[in-house]
Amino acid sequence: MRLQRILAATAALGCLATLAACKEGGQPGTPAAASSSAAATDTGPLTAAQQYLRQFANCDDLSDRPDDPRIPAADFPKAGQWSVKELGVCSDKVRQGEIVIAVPADMKQFQEGYKKYVLDRMDGGEGSYGLESRVLIGKGFVAFPTSTKTALALVRSDLRVLTCNPGAPVPKGYKREKPLVEHCNLSDFVGSEDGSGSPNLETPQDPAGGGEKAGQPKTGSLGLPRAGSIAELRTLVGNSLDCEKHFSTDPEAVAIESIDYAPVVTGSALEWGVTGRALCGEPAGAQRARNLSWLDTVGDMKLLQTKAKAAQLADYKDDGKLRQTASRLLVGQNIAVETNSPSSRHGLYQLQFLYLNCIPGFSAPSGYRLEKSLVEGCVLTNYEPDHPLG
């Protein structure tokens with residue numbers, strides 16, 4: 001019977017992963033004290049988690065009832081996933097919210113489950129899913145506050161917000177820690193579309209004007225990666241590209257183009273402001289080329305962006321869209337990567353690379369980065385309308 005309670009409760013967790021699924025206000029009634037008395041006297045992991053949470057926020061009337069009306073009902077991975085072995089809920093009446101507490105048997109498995117859930121939702125067309133994550137990772141437990149105010153109170157502790165949407169910002173001044181899974185973040189930044197979350201002290205601005213926009217500072221950048229050499233760049237991109245086993249700086253190999261993979265930089269690299277260049281992936285041989293991408297060290301970033309803009313607009317002018325086989329230019333401070341793989345770009349965005357977008361009328365939704373480029377008429381962004389996953 002206890003297993004049935006746990007599995008049923010796990011299915012009710014879904015809307016807590018994002019603010020969009022858990023609207024504040026209209027809270028359901030709290031169960032009578034008698035119904036939660038067993039949980040209140042328990043000395044197990046749920047009670048231990050409650051005691052920790054109470055140091056930073058209210059966590060009253062703890063209950064492990066799967067039918068507790070305070071647990072919001074919404075879509076969630078099926079029972080038995082994410083390694084959750086115990087589930088409970090308590091109330092923060094002061095901040096008008098609830099806190100669901102999950103106790104996973106394996107925290108890495110839990111984080112992998114959440115990451116896959118976010119990416120599946122994004123693949124399904126919800127590109128902004130998880131930008132306002134309310135998944136707070138603790139030591140041995142996970143808290144899901146439904147109220148932004150509760151989340152703000154809890155991140156004053158050692159709890160950290162787990163975000164796996166590549167567009168989720170962590171502005172300068174906030175802690176950034178490494179989770180147990182790649183391409184996600186742990187931080188003390190609480191995002192909120194309505195502005196009630198953690199403040200972005202860098203005052204984001206839209207480069208085209210028109211008021212504030214998440215991800216764009218008044219001057220400079222929220223941060224771009226840099227590397228001192230092609231070797232450092234190869235190490236930096238890590239698993240995002242096929243560079244570990246298939247890598248070459250040989251000029252003949254680097255100059256290879258494929259019907260499936262077209263680079264941004266063509267002809268003499270020096271004429272593009274590029275000082276060093278390498279090829280990752282498997283060039284065509286007995287079979288077709290696979291996973292081609294190019295790494296660049298850049299001596300003149302403005303020249304590179306100027307020529308890339310001209311090439312992008314020429315491609316766009318043909319039929320009003322960019323060729324799928326054409327690589328997109330993702331830039332750092334003094335480095336760049338050219339790839340036509342959306343999944344590879346997803347990983348590169350997590351490393352703080354940004355895509356040079358020069359398409360007229362482009363705009364990015366709230367939560368995505370949008371910064372000024374070095375050439376007029378272009379922006380740097382991690383938002384792609386056709387591939388919101390990144």
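Within the stretch 258-285, residues that are at negative phi and surrounded by 20 or more Cβ atoms within 10 Å (Cβ to Cβ) reach partners that are among the polar types (S, T, N, Q) and not in a loop (DSSP other than H, G, I, E, B) with beta carbons closer than 6 Å, at six or more positions or on different chains, in the pairs Leu279/Ser248; Cys280/Ser293. Looking at Asn291 and the list (1) part of a strand (DSSP E or B); (2) modelled with pLDDT of 95 or more; (3) not small (Gly, Ala, Ser), which single condition is not satisfied? Failing condition for Asn291: (2). For the stretch 182-190, the criterion of being surrounded by 21 or more Cβ atoms within 10 Å (Cβ to Cβ), of a type in the set (A, V, I, L, M) and out of contact with any strand residue (DSSP E or B) (no Cβ under 8 Å at 6 or more places or on another chain) is met by no residue. On the stretch given as the stretch 138-192, residues that are in a loop (DSSP other than H, G, I, E, B) and on the phi < 0 side of the Ramachandran plot total 32. Residues that are buried (at least 20 other Cβ atoms within 10 Å of the Cβ), closer than 19 Å to Gln333 by Cα and hydrophobic (A, V, I, L, M, F, W, C) were ranked within the stretch 351-383; the one that is modelled with the lowest pLDDT is Leu370. Scanning the stretch 341-366 for residues that are under 18 Å from Thr297 (Cα atoms) and assigned to a loop (DSSP other than H, G, I, E, B) yields Leu351, Gln352, Phe353. Residue by residue through the stretch 316-340, note down the ones that are exposed (fewer than 14 other Cβ atoms within 10 Å of the Cβ) and in a helix (DSSP H, G or I). If the condition is that a residue be exposed (fewer than 14 other Cβ atoms within 10 Å of the Cβ) and in a helix (DSSP H, G or I), then Lys317, Asp318, Asp319 are the ones that fit.
Give the stretch 55-85 a look and list any residue that's among the acidic types (Asp, Glu), at pLDDT 90 or above and crowded, with 18+ Cβ neighbours inside 10 Å, or say none. Don't jump to the end; show me each part of the working.
The initial filter retains those residues of the stretch 55-85 that are among the acidic types (Asp, Glu), namely 60-61, 64, 67-68, 75.
Filter once more, keeping what is at pLDDT 90 or above: 60-61.
Answer for the stretch 55-85, where residues must be among the acidic types (Asp, Glu), at pLDDT 90 or above and crowded, with 18+ Cβ neighbours inside 10 Å: just Asp61.
Within the stretch 238-253, restricting attention to residues that are of a type in the set (Ser, Thr, Tyr) and not in a loop (DSSP other than H, G, I, E, B), the residue that is farthest from Ser344 (Cα to Cα) is Ser248.
Within the stretch 25-46, does at least one residue satisfy the condition of being at pLDDT 50 or above and either in contact with a helix residue (DSSP H, G or I) (Cβ under 7 Å, 6 or more places away or on another chain) or under 24 Å from Gly195 (Cα atoms) (or both)?
In the first step, residues of the stretch 25-46 are kept if they are at pLDDT 50 or above; the result is 42-46.
Still in the running and either in contact with a helix residue (DSSP H, G or I) (Cβ under 7 Å, 6 or more places away or on another chain) or under 24 Å from Gly195 (Cα atoms) (or both): 46.
Checked the stretch 25-46: at least one residue is at pLDDT 50 or above and either in contact with a helix residue (DSSP H, G or I) (Cβ under 7 Å, 6 or more places away or on another chain) or under 24 Å from Gly195 (Cα atoms) (or both).
The values are calculated or read from the model by the stated rules, or taken from the named source; none is laboratory data. Here the structure is a predicted model, which is why all the values come from computation and not from measurement. No Cβ is skipped: glycine too gets one built from the backbone with ideal geometry, and neighbour counts run over all protein chains shown.
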